Structures are given as C-alpha cells and as structure tokens.
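The values are calculated or read from the model by the stated rules, or taken from the named source; none is laboratory data. These numbers come from a predicted model, not from an experiment. Every residue, glycine as well, gets a Cβ built from its backbone with ideal geometry; the counts of neighbours run over all protein chains shown.
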Amino acid sequence: MRVASAFLAALAGLGLVAQQAMAVAILSPADTIIGVDFDGPHSKSSYPGGENPGFAIDGTASKYLNFAGSNSGFIVTPSIGSSTVQSMVLTSANDDATRDPTSFQLFGTNDPIVSLDNSLGIDESWTPIDGFDLTGGFEVPAARNTVGPVIPLTNAAGAFTSYKLLFPTVGGSNLMQIGEVDFFASTDGTGSDLLTPGDPILAIDADLAPDSEYPGAESPAKLIDGDGGSKYLNFGKENAGFIVTPAMGAEVVKTFRLTTANDAEARDPSSWQLYGTNDPIQSLDNSQADGGEVWTLLDEGAVALPTDRNALGPFVKVDNDSAYASYMMVFPTLRDVDGANSLQFSEVQFFSTSIPEPTTAGLALLASICGMGILRGRRG
Ligand SMILES: [Ca+2]
Ligand SMILES: [Ca+2]
Ligand SMILES: [Ca+2]
C-alpha cells in the first residue's frame with residue numbers, strides 16, 4: 001500500500017496521473033453534431049473520361065455523359081468562327097432513356113471563354129437564344145443511337161462565337177447523356193453542321209453544390225459514437241469539419257484527440273483549427289458555417305496522426321481558458337490532398353484538462369520509479 005501510494009504520488013508529481021484522472025471527456029453520442037466546410041459551393045459537373053463532352057460533337061452516336069444530371073450541358077466554341085444558329089438536332093445515346101434531356105436552354109456569347117471544364121459556366125456574359133421543353137414531336141428519340149427531329153430555334157440574338165447548351169431537365173435519372181448535338185445556320189437542319197469534331201468544348205453544370213457532403217453511413221455523428229471502427233468522411237476535403245454542441249453543456253476544451261479511419265491515409269487531416277461560440281447554432285448541416293454565429297478562433301496547428309489505421313492519435317493541446325457551448329473544428333490541410341477524394345477520421349474527443357505528452361525525461365523517471373516499485377514488491 002505504501003509503495004502504491006508513493007508510486008501514484010510520484011506520478012502525480014510528474015503530471016501524468018492526476019491530470020489524466022481528472023480529465024473530463026466532453027463529447028458523447030448524445031451531442032448535436034453537423035458537417036461543415038468553409039469553402040464555397042462548386043459545380044457538380046463531372047464525366048467519365050471515355051464519355052467526355054467531345055463525344056457530343058464527334059460526328060458519331062458515341063455519347064457525352066454528365067454525372068450531374070439536370071442542368072448540365074456544355075460550352076462549345078465552333079472552329080468555323082462566328083455563326084448564327086437557327087436549328088438543332090439531338091441524337092439519342094446507347095442506353096437508359098431516363099438520362100435523355102427533356103428540355104434545353106441555348107445561350108450565345110462573343111466573349112473569350114474563361115470558364116473552366118466542370119464549372120458552372122458563368123464566367124462569360126451569356127445571351128439567351130432559345131429554350132423549351134422537348135415535347136410535341138421534339139423529344140429525343142426513344143429508340144437508341146437514333147437521330148432526332150430538327151428543332152427550329154427562334155434566334156433574335158444574332159451571331160455568336162461560342163454557345164452554351166444546358167439541359168435543365170432529363171427523363172428522371174440523376175445522370176444526363178446525349179449521343180450527338182448538331183447546330184445549323186438554316187432553320188430546317190439543312191446545310192453543314194456548325195460544330196466540328198475537335199472544337200473546344202467544356203462540360204458544365206449550372207447547379208451549385210455545397211463543398212460539404214458526406215455519405216449517409218459516414219456522417220459526423222460517427223465521430224462521437226465511441227466506435228473507432230466507424231468514420232466521418234467529407235468530400236469537401238480541405239477546410240471541412242464539424243460543429244458540435246456537447247450535451248453536458250459549456251466546457252473548457254484544453255485538449256483534443258483524433259482517431260484515424262480504416263483506410264486511405266491520404267485523407268487524414270494534417271492541421272486543425274478550433275473555434276468556440278456561445279451563440280445558438282443556426283448554421284445548417286453541410287453549410288459553410290454561415291448561419292450567423294460569432295465564432296472565436298481558439299487555437300490552430302499541425303497534427304501528426306499515425307499511419308496506422310483505426311489508431312488513436314496524439315493528445316493535442318489547445319490554448320484555451322474559456323468555456324463554450326459549441327465548438328467548430330475544421331481541417332485546413334490533409335496528409336496528401338492530391339491523393340485524396342475526401343477528409344476522414346473515426347473519432348474525436350475533447351478534454352477539459354491539459355494532458356501533456358510525457359517528456360523523455362519524465363518517461364525515464366517513470367521507468368525508474370516502476371523499477372523500484374517492482375523490486376520493492378518482490379522483496380515484500
Ligand atoms: Ca457523339
Ligand atoms: Ca466513430
Ligand atoms: Ca473544402
């Protein structure tokens with residue numbers, strides 16, 4: 001007994017036992033937690049390499065497919081130069097007619113194209129030309145790989161050097177696909193196609209998607225479920241994170257600890273920022289944390305997580321002496337952002353007490369005390 005109490009007293013003197021014993025774990029599965037990402041919304045446009053927008057004007061029925069579905073399309077700059085489009089023909093793709101466009105909007109511009117591939121396509125000044133629902137005989141053919149009817153356009157806007165074609169609606173699918181698009185200067189589809197295979201063409205989608213997005217089974221709640229095998233994954237990558245409101249009320253966070261996820265170490269956070277607020281949380285899930293709370297940046301720094309998977313990371317000190325009702329933690333950098341499609345980790349815990357990493361000298365002293373204890377125990 002004497003040995004044990006002396007041992008504990010020695011450890012307490014080192015700050016290794018007393019502080020750990022008193023440390024309060026602040027987070028629990030009862031807490032309210034949402035996903036956020038500081039970065040702004042972006043276009044959802046994306047396509048398979050083998051079904052890129054060039055296939056919409058390659059002169060064959062081979063298709064362009066955009067995973068963004070409705071409101072996707074393309075920007076094309078005809079190599080023939082300025083033209084006045086007055087009719088259009090759409091050719092159906094090879095499969096799944098629910099991906100076929102059921103309406104269109106056509107715009108023109110004489111600006112140089114500065115929009116990027118897979119962007120919103122709004123970085124030029126665009127003039128509406130025409131657009132309507134593809135009904136009453138103008139439907140994309142139900143038969144596959146089939147040339148559709150001539151779609152006459154009312155073009156009061158004149159000649160343009162580039163065109164933007166959007167498909168605001170498709171036949172119920174989450175994807176959009178089109179086998180071929182032909183533009184004509186005639187009103188009846190006669191004459192040469194204004195579009196030439198190889199013309200500069202960009203995929204676009206006009207819908208704004210928030211940067212914060214997570215799979216339903218990998219929600220922020222997985223960070224505080226006490227299960228190191230379940231993870232939170234956010235496709236927002238850099239600057240993604242979470243807002244948590246501990247059920248136990250306002251506490252002073254002085255230490256945190258992360259647990260790595262099951263795979264893909266490139267997705268591990270490598271730096272952190274911790275913010276606090278006592279305002280009610282108005283920010284929405286998957287928002288930019290722009291609900292109007294006033295956040296105080298408490299501390300920030302690097303974190304070196306183990307490459308081991310489902311492994312506890314180091315205790316990380318937070319320079320903070322104030323209690324907050326809610327905390328926001330975001331991760332500005334990842335271990336290997338170029339090799340990652342998301343941010344992920346399995347658990348987070350906040351502690352109300354500083355938990356310093358044992359120093360080398362402390363560990364040596366600890367080892368010598370343990371050795372003494374063992375020797376004394378044997379003698380007893
Ligand atoms: Ca094609
Ligand atoms: Ca978990
Ligand atoms: Ca982001």
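Can you find a residue that is more than 16 Å from ligand 2 (Cβ to nearest atom), in the same structural domain as Pro48 (by TED's automatic domain parsing), over 27 Å from the mean Cα position of the chain (by Cα) and not small (Gly, Ala, Ser) anywhere in region 115-127? It would help to see each step written out before you state the result.
Looking only at region 115-127, we keep the residues that are more than 16 Å from ligand 2 (Cβ to nearest atom), and these are 115-127.
Next cut, in the same structural domain as Pro48 (by TED's automatic domain parsing) only: 115-127.
Now narrow it down to the ones that are over 27 Å from the mean Cα position of the chain (by Cα): 125-127.
Imposing the further condition that a residue be not small (Gly, Ala, Ser) reduces the set to 126-127.
Yes - at least one qualifying residue is present in region 115-127.
Modelled with pLDDT of 95 or more, within 16 Å of ligand 1 (Cβ to nearest atom) and not aliphatic (A, V, I, L, M): is that true of Gly198 in this structure?
Answer is yes for this residue.
Can you pull out every residue in region 250-260 that is in a loop (DSSP other than H, G, I, E, B) and within 13 Å of Tyr275 (Cα to Cα)? Explain how you work it out, then say what you get.
Kept after step one, since they are in a loop (DSSP other than H, G, I, E, B), are these residues of region 250-260: 250, 253-254, 260.
Scanning region 250-260 gives Val253, Lys254.
Under 21 Å from Gly40 (Cβ atoms) and either surrounded by fewer than 18 Cβ atoms within 10 Å (Cβ to Cβ) or modelled with pLDDT under 95 (or both): which single residue out of Asp290, Asp279, Asp299, Asp263 fits that description? First the steps, then the outcome.
Details: Asp279 fails: under 21 Å from Gly40 (Cβ atoms); Asp299 fails: under 21 Å from Gly40 (Cβ atoms); Asp263 fails: under 21 Å from Gly40 (Cβ atoms).
Exactly one of Asp290, Asp279, Asp299, Asp263 is under 21 Å from Gly40 (Cβ atoms) and either surrounded by fewer than 18 Cβ atoms within 10 Å (Cβ to Cβ) or modelled with pLDDT under 95 (or both), namely Asp290.
Could you list, in sequence order, all residues of region 41-90 that are within 16 Å of ligand 1 (Cβ to nearest atom) and of a type in the set (Lys, Arg)?
Lys63
Would you check if Gly158 is more than 25 Å from the chain's Cα centre (by Cα) and not aromatic (Phe, Trp, Tyr)? Full working, then the answer.
Values: more than 25 Å from the chain's Cα centre (by Cα): yes; not aromatic (Phe, Trp, Tyr): yes.
In short, yes.
Residues of region 207-217 being under 18 Å from Ser119 (Cα atoms) and surrounded by fewer than 21 Cβ atoms within 10 Å (Cβ to Cβ), which ones?
Residues of region 207-217 under 18 Å from Ser119 (Cα atoms): 207-213.
Those that are under 18 Å from Ser119 (Cα atoms) and surrounded by fewer than 21 Cβ atoms within 10 Å (Cβ to Cβ): Asp207, Leu208, Ala209, Pro210, Glu213.
Kindly provide the set of residues from region 222-249 that are farther than 19 Å from Asn262 by Cβ and part of a strand (DSSP E or B), ordered by number.
Restricting attention to region 222-249, the residues satisfying the condition of being farther than 19 Å from Asn262 by Cβ are 236, 238-239, 241, 243-249.
Listed by number, the residues that qualify are Gly241, Ile243, Val244, Thr245.
Might you let me know whether region 202-215 holds any residue that is within 16 Å of ligand 2 (Cβ to nearest atom) and closer than 30 Å to Gly49 by Cα?
For region 202-215, residues within 16 Å of ligand 2 (Cβ to nearest atom) and closer than 30 Å to Gly49 by Cα: present.
Could you figure out which of (1) of a type outside the set (Phe, Trp, Tyr); (2) within 16 Å of ligand 2 (Cβ to nearest atom); (3) in contact with a helix residue (DSSP H, G or I) (Cβ under 7 Å, 6 or more places away or on another chain) isn't true of Thr260?
It fails just one condition, (3).
Out of all the residues in region 96-110, is one or more in contact with a strand residue (DSSP E or B) (Cβ under 8 Å, 6 or more places away or on another chain), surrounded by fewer than 23 Cβ atoms within 10 Å (Cβ to Cβ) and on the phi > 0 side of the Ramachandran plot?
Within region 96-110, one or more residues are in contact with a strand residue (DSSP E or B) (Cβ under 8 Å, 6 or more places away or on another chain), surrounded by fewer than 23 Cβ atoms within 10 Å (Cβ to Cβ) and on the phi > 0 side of the Ramachandran plot.
Could you please give the count of residues in region 58-93 that are within 26 Å of Ala143 (Cβ to Cβ) and under 31 Å from the mean Cα position of the chain (by Cα)?
Count: 15.
Just checking, which of Arg309, Arg267 is within 20 Å of Asp39 (Cβ to Cβ) and basic (Lys, Arg)?
Numbers: Arg309 fails: within 20 Å of Asp39 (Cβ to Cβ).
The match here is Arg267.
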